[in-house]
Ligand SMILES: Cc1cc2nc3c(=O)[nH]c(=O)nc-3n(C[C@H](O)[C@H](O)[C@H](O)COP(=O)(O)OP(=O)(O)OC[C@H]3O[C@@H](n4cnc5c(N)ncnc54)[C@H](O)[C@@H]3O)c2cc1C
């Protein structure tokens, strides 16, 4: 199995290791220029965190998995421990927080925390065992590991153009790469790129800032813990591995400036710097270090890839199952990535993605043709114009002309043989009045729309497309991605509100998958119609797919 992985943050790195350990050949692709949340993350994994002192889902199981995972990576990299236990003191921010914790949460987390007290017996906070991944070392050494094996490429992919699905796998022609499958691990950058596979994911990004500070006078410390949390907005202060005098303090969070879509994104703010520096001073004091902050060594920002449903997105594309995603790790990337990566690969294996036989293709083709006709039958009203945008052998034209008023049916095809076949079929059924046009459908549909052309925008109740080649005709004469998308765009304008368009896409022939990908991308970028995608349910990567567009009533033309 050869697996391509785009993005080398915590998500992509976890997937790369999981693939490597099951014997896959990996190609890990990382963009040298784009910002990554993983470059900013402290790598903290705490059993209790946030305002509400929550515990991550399936905490114990996922922690054990993460421990084993990072330990195995460290062994493979022949490096020191990457994932280490640290003690953190979480201080209550006030009396209300103290009471809330004691009444609402303490019972369920008492095994994981030791309460701390004032001399008068009042609880001031608790100490907990937490874990910390040395993220910088893990990411850098992972990159080097795959690079040394010739399995790392520093490149920024244009997902829509570079990721080309084929019948048996996925390729990235610009870089001469191909694989049996490809995973998109783009983090928050995923929502600012044209991405036909998972457009707009993740949908709830959050910008955060962190500081690395140099502290004074460490030797005077008598603290029994190595990190602190609480005091201000649950900020934390944890040591930077391999340094005796540096701490990381974070994080501020807000939803401003989360757009990573332009070059040179930085994301740091003066306010963030001031807030975090003040927090560092207070947290140090709390830990008994009066010396305070000597200097700020670095100030960075990142955008956390969150989803509104607060769930990690680890799945294979519902139509093209050889493309998958691992994103939406939110605030628990270190803990969540190993479990999600392993689970994703297990699901791929369970799905048994295979090629498709012609026999299956034939059967499914007729199923979807019938489905398209049923959808059209339900939507058309008296007085509607109807269009078969790919006349082909005339079956859809015949259906439209027999079911509705023939004189309101138009059929277009660029091939003379198709127009002849359609005319013969209609004659055989004694049908007259259908407008048969031999023309390229992209050009003809534009003419139908234009006011100075036929001016029929908003007059059609149904438009049908049956892409690919003419059955029984020359298989090298096929509909093409660029003209198909142009024709579909015009057809949306031809539809009246509530009108439907069906586009039956075949993916098994040369160029079919590219055409399908272009239709999919276009369907996700347009606003005029609600689109449903109907698959055959075979789980087969090249099986036909039916797109059903329903023109919305709220958005014009
Ligand atoms: C301030 C801050 C502090 C945090 N602290 C913690 C913490 O203590 N513990 C914790 O568990 N989590 C923490 N997180 C969350 C954690 O950072 C994320 O969960 C995790 O980093 C997400 O990893 P990712 O791989 O999905 O995304 P990213 O790290 O953003 O990685 C995505 C990668 O994809 C690459 N990419 C994108 N598009 C392309 C393209 N077209 N071609 C090639 N490459 C591309 C990017 O360059 C990037 O390297 C923190 C986040 C922030 C912002």
So for R0 = 35 Å, FRET eff. of residue 278-residue 80 from the Cβ-Cβ r, to 0.05, ends up at 0.60
Between residue 158 and residue 378, Cβ-based FRET efficiency (R0 35 Å, step 0.05) works out to 0.35
So the angle from the long Cα axis of helix 59-77 to the longest Cα principal axis of the chain, reported in degrees to the nearest 10, equals 90
On each of the three principal axes the extent of the alpha-carbon atoms of the chain, given in whole Å and largest first, is 100, 48, 43
The alpha-carbon center of segment 418-451 and that of segment 506-536 are separated, in whole Å, by 24
Taking R0 as 41 Å and r as the Cβ-Cβ distance between residue 497 and residue 174, the FRET efficiency 1/(1 + (r/R0)^6), rounded to the nearest 0.05, comes to 0.50
Helix-only [θ] at 222 nm, the chain, -39500 (n - 2.57) per DSSP H run of 4+, per residue, nearest 500, equals -10000 deg cm²/dmol
Here the gain from full extension of residue 93 to residue 310, 0.36 nm per residue of separation minus their alpha-carbon distance, amounts to 75.6 nm
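How would you classify segment 365-551 from its alpha-carbon gyration tensor, with a ≥ b ≥ c the square roots of the eigenvalues: rounded for a/c under 1.5, else prolate if a/b is greater than b/c, otherwise oblate?
On the way: a/c = 1.36, a/b = 1.14, b/c = 1.19.
Since a/c stays below 1.5, the shape of segment 365-551 is classed as rounded.
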Extension length gain for residue 298 and residue 127 (0.36 nm per residue less Cα distance), in nm, is 58.8 nm
Rounded to one decimal in nm, the spacing of the 7 Å Cα→Cβ label points at residue 102 and residue 61 is 3.5
Computed over segment 83-145, the convex hull of the Cα set has an average projected area, in nm², of 5.9
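What is the gain in length, in nm to one decimal, between residue 367 and residue 136 on full extension, counting 0.36 nm per residue of separation less the C-alpha to C-alpha distance?
Gain in length upon complete extension: 77.9 nm.
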Once both label points are put 7 Å beyond Cα along the C-beta direction, the residue 405-residue 483 separation in nm becomes 3.1
Tilt, helix 481-494 to longest principal axis of the chain (alpha-carbon atoms), in degrees rounded to tens, equals 80
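Equivalent ellipsoid semi-axes for segment 281-349, as square roots of 5 times the alpha carbon gyration tensor eigenvalues: give them largest first, rounded to whole Å.
They are 40, 13, 11 Å, listed largest first.
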Relative to the chain, whose Cα atoms define the longest principal axis, helix 10-21 and its Cα axis are tilted in degrees, nearest 10, by 80
Two pseudo-spin positions, 7 Å from Cα along C-beta at residue 347 and at residue 526, lie apart in nanometres by 2.9
Expressed in angstrom and rounded, the centroid-to-centroid distance over alpha carbons for segment 270-306 and segment 96-129 is 25
Dividing the mean separation of Cα pairs under 8 Å (6+ apart) by the residue count of the chain yields a relative contact order in percent of 14
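Every number in this text was worked out from the coordinates using simple rules, so none of it is lab data. All values derive from a computational prediction rather than experimental measurement. Note that each Cβ is placed from the backbone with ideal geometry, even for glycine, and that neighbours are counted across all protein chains shown.
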